[in-house]
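Enquirer: One structure, as structure tokens, below. Some questions next.
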Amino acid sequence: MNLQECPRSGKTRALLLALLALCAALAAGCSNPEKAKAEHVARGEALLKERRWQEATIEFRNAIQIDDSLAQAHWGLARAYEELGRAPEAFEEWQKTARLDPNNVPVRIKLAKGYIAAYGQQKNQDFLAEAERYIGEVLAREANNPDGYILQANVLFYRGDPKQAEEKINHAISLDPQRIESHMGLAQFYLMTNRTADAEAVFKKAISINDRSSLAHGQYAIFLVQTGRSAQAEAEFRRAVEVDPENRDARKVLASFYLVNNRMQEAEAAYKEWAQLDWDKPEGRARLADYYATVGRYDEAAALYREIVGSAPDFARGRYRLGEISLQRGDKEAAREQVAELLKRNERDADARLLRARMSMADGKARDAIADLKPILDLEPRSQLGLYFMAEALYRDGQLEQARARVGELERYYPDFLPARLLQIQINFDTGDAEGAKRMADELLKRVAEAELKPDANRTPQLAADVRTNALLLRGMASLRLGQTAAARADMEAARAVSPGSPMPHINLADVALAEGKYEEARQHAERALSIDRANLPAFTKLLTIAVADRRLPEVRGRLEQLAREMPQSAPVHYLLGNSYRVGYGGEGGVPADAARAEAAMRRAVEIDPDYIAAYSALGEIYFTAQPSDPDRAIAEYRKITERRDDYVDAYLKIGLIESGRKNLDAAEQYYRRVLSIRPDEPIAANNLASMYADHGRGNADEAMRLAQDIVRRYPNNPGFADTLGWVYYRKGLHRDAVEQLQRAVSISSKMRGDNSLYRWHLGAALAAKGDKAAARRELQKALELAAQEQQRGAHRPTQTPVEDVRRTLESL
């Protein structure tokens, strides 16, 4: 040993101690994530015990973001999702839990049940195989687990062996004859095999074994509802509560029973009793607030939620619901306040971002909504509300194919979510498929009838009524577009009967009356809509149309002037006022349009709200349609829109249309391509690019044909798109294909009461080129007749048909 080295060891020891201290600090830092995720899980479990499901999801998600392999966090998130009714998301979390925790028996039971239920709906044999695998894992770990044998029985039943299935359930019962859940399994088996009397006998036996079983009484009550014995069912639901007064689920089911049967007085009392069990906790009072919101008593719901978040500021679900109710009532500022508070507390709060997305849509900012919804769906790809509002945002942004795809996901994951089907019908209608929309509305109305016969807590009478109203309106609109006015009127009347307090049926009935030339009736319907909502933009727009038709425009303008004085800070009201001055009529007692007044009102609208896009667009139209037209000023207004929203395709599209109209074809093409760079499936820009080749020989013929074919594939019932494709074929010399498409264009437009000379001219020219002279003469003569009528109808918009070309072609035959 070298003793003389010892004095130097003091510095070495000090350095070593410093390094050890640093390592300890680093180790402590490294252990912080472990501590953090454990704390999140612990808080999530505590929130589950308090039945605060929404808040629990946040804690478990936070833990998963730290460690995605944490089985306990996935298991907790699955249980929270299950309580929230988010079954597909719960199922995904069950699968992750099972992969991460081989000893979790309850999750394997849930997965087996889920696969068996999925097989019952889709008859996919792979689902039964998966169920068998999980059942095997359950029984391998717990050989006497009764649920394992009951699940085996379900598989055996679907495999076609009901006798062995019954033996398995009876074995499960023999393991513990006092276990009520096993008897319930036998009762459900008898129901599956249509042995109703045997099922009822089992329910009664279970009650005789344990008359204090809330489960037995509750399940028997559900059976009685299904067999049409509502009075007896009510007694059993009440008995389930009596034997276990603290059972929250029993009280919830009783309250839901009264709600779905529209017995509001009893429902309110039952919700109050359920809420009183936890009145000292925010989630207890929230149950009553949710009831008030469900039945449309928004003032009471909002007041109670304000009280809740006042006493419990951290109750995130309360703030979300208060914001949602505020948005429903049109109080955007109150909704923004709640969203801001939620995001201040947790910037990743998915529900807050969801609500902010809905607010963006209410403000007409679909792209902002999409930006908020994307991270929600990245984190939770099967979020029901995330998918629904993403579909709606894409629809409002004009991305119809993407919206349709999202609705398809919704229908796959949530086949009973009726609002998704409404959105699908709307998309079909807007893409020109009126027949498809009508057929889908028929199917949806059948589904609504089923929901009304067998309502549950997720398909309440209020939801069914709302979906029925909108399905009837959409079917009526489809009938009207198809020229079936009697069918349209019947549906609009039915919608009014279902929702007498809504302005929309009256607005749509006004459309029917206008189609029938019944102006006074149309006026009465528009006035009724305005008596419900005095500043309803569609109703006033309808009233303006009627006022021009029956020459009462000054009266409507006066009413809008008064409304603008009463609501001086309302941009939509000034926009309406501006629209009233954009129209007019001539003749004796004529009232001309007043472009100056229209411009002033639109300017006032954008002063109030600089992001009010509709007013800028209206200003562009005012300048473009002025006499003389001022396309440069029109384009300047549309460019103001693009300065605020550089992805706003409608503005670029309108600039392209203006440039095309004044034969600046290079500029028009540039703007159409700009539209397609933002939204590749935008149909009008693609159609107009194809038309540049068909009408002017510009561009690539193959690209034009590809664009036109794709549009017709996506919009098979739009006559204008079929006409473009037919004319492209004609220019390429494909005369037989041209005739086929152009005949479709004429047929569809005639069916939609929109026959026009241009389509007839194109068809006549194609028939002539094909060599069918007789048919060509017939179409060309019809084109000349329609062109003359079009000239008489609109001096400012003369026919687009080249009449001299039609005459020359006709003379050549």
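The values are calculated or read from the model by the stated rules, or taken from the named source; none is laboratory data. What you see is a predicted model, and the numbers here were worked out from it, not measured in a lab. Cβ placement follows ideal geometry from the backbone for every residue including glycine, while neighbour counts extend to all protein chains displayed. Side chains are part of the model used for accessible areas, which takes the heavy atoms of the whole protein and leaves out ligands, DNA and RNA. Shrake-Rupley method; radii C 1.70, N 1.55, O 1.52, S 1.80 Å.
Enquirer: In segment 41-64, what count of residues is obtained for those that are open to solvent by 20 Å² or more (accessible area, probe 1.4 Å), within 28 Å of the chain's Cα centre (by Cα) and farther than 20 Å from ALA275 by Cβ?
Expert: 4
Enquirer: Moving on to the next point. Is it the case, given these coordinates, that PHE429 is within 30 Å of THR485 (Cβ to Cβ), of a type outside the set (Val, Ile, Thr) and open to solvent by less than 50 Å² (accessible area, probe 1.4 Å)?
Expert: Details: within 30 Å of THR485 (Cβ to Cβ): yes; of a type outside the set (Val, Ile, Thr): yes; open to solvent by less than 50 Å² (accessible area, probe 1.4 Å): yes.
It is true that PHE429 is within 30 Å of THR485 (Cβ to Cβ), of a type outside the set (Val, Ile, Thr) and open to solvent by less than 50 Å² (accessible area, probe 1.4 Å).
Enquirer: Being over 23 Å from TYR292 (Cα atoms), open to solvent by 40 Å² or more (accessible area, probe 1.4 Å) and at pLDDT 85 or above narrows it down to one of ALA510, ALA490, so name that one. Please lay out each step first, then the result.
Expert: Numbers: ALA510 fails: open to solvent by 40 Å² or more (accessible area, probe 1.4 Å).
Criteria check complete, one pass: ALA490.
Enquirer: GLU811: over 22 Å from TYR715 (Cβ atoms) and either open to solvent by 90 Å² or more (accessible area, probe 1.4 Å) or over 47 Å from the mean Cα position of the chain (by Cα) (or both), yes or no?
Expert: On the way: over 22 Å from TYR715 (Cβ atoms): yes; either open to solvent by 90 Å² or more (accessible area, probe 1.4 Å) or over 47 Å from the mean Cα position of the chain (by Cα) (or both): yes.
So GLU811 passes the test.
Enquirer: Among the numbered criteria (1) surrounded by fewer than 20 Cβ atoms within 10 Å (Cβ to Cβ); (2) at pLDDT 85 or above; (3) within 30 Å of VAL202 (Cβ to Cβ), which single criterion is violated by ALA303?
Expert: Condition (3) is where ALA303 drops out.
Enquirer: Report whether or not ALA197 is under 44 Å from the mean Cα position of the chain (by Cα), touching a residue at least 12 places away in the same chain (Cβ under 8 Å) and more than 22 Å from PRO102 (Cβ to Cβ).
Expert: Numbers: under 44 Å from the mean Cα position of the chain (by Cα): yes; touching a residue at least 12 places away in the same chain (Cβ under 8 Å): no; more than 22 Å from PRO102 (Cβ to Cβ): yes.
In short, no.
Enquirer: Exactly one condition in (1) touching an Asp or Glu at 6+ places or on another chain (Cβ under 9 Å); (2) of a type outside the set (Ser, Thr, Tyr); (3) farther than 20 Å from ALA598 by Cβ; (4) surrounded by 14 or more Cβ atoms within 10 Å (Cβ to Cβ) is false for GLU637; which is it?
Expert: That leaves (3) as the condition not met.
Enquirer: Oh, and also: Could you say whether any residue in segment 535-555 is more than 24 Å from THR485 (Cα to Cα), touching a residue at least 12 places away in the same chain (Cβ under 8 Å), in contact with a His (Cβ under 8 Å, 6 or more places away or on another chain) and surrounded by 15 or more Cβ atoms within 10 Å (Cβ to Cβ)?
Expert: No, segment 535-555 contains no residue that is more than 24 Å from THR485 (Cα to Cα), touching a residue at least 12 places away in the same chain (Cβ under 8 Å), in contact with a His (Cβ under 8 Å, 6 or more places away or on another chain) and surrounded by 15 or more Cβ atoms within 10 Å (Cβ to Cβ).
Enquirer: Give, as residue ranges, the helices (runs of 4 or more DSSP H) completely inside segment 537-623 that count at least 2 residues that are acidic (Asp, Glu).
Expert: Numbers: elements: 537-549, 553-566, 571-582, 595-608.
Helices (runs of 4 or more DSSP H) meeting the threshold: 553-566, 595-608.
Enquirer: Same structure, new question: Please go through segment 259-300 and give me each residue that is open to solvent by 70 Å² or more (accessible area, probe 1.4 Å) and closer than 22 Å to TRP53 by Cα, ordered by number.
Expert: Matches in segment 259-300: LYS272, GLU273, GLN276, TRP279, ASP280, LYS281.
Enquirer: Of (1) surrounded by fewer than 16 Cβ atoms within 10 Å (Cβ to Cβ); (2) of a type in the set (A, V, I, L, M); (3) modelled with pLDDT of 90 or more, MET440 satisfies all except one. Which?
Expert: Answer for MET440: the failing condition is (1).
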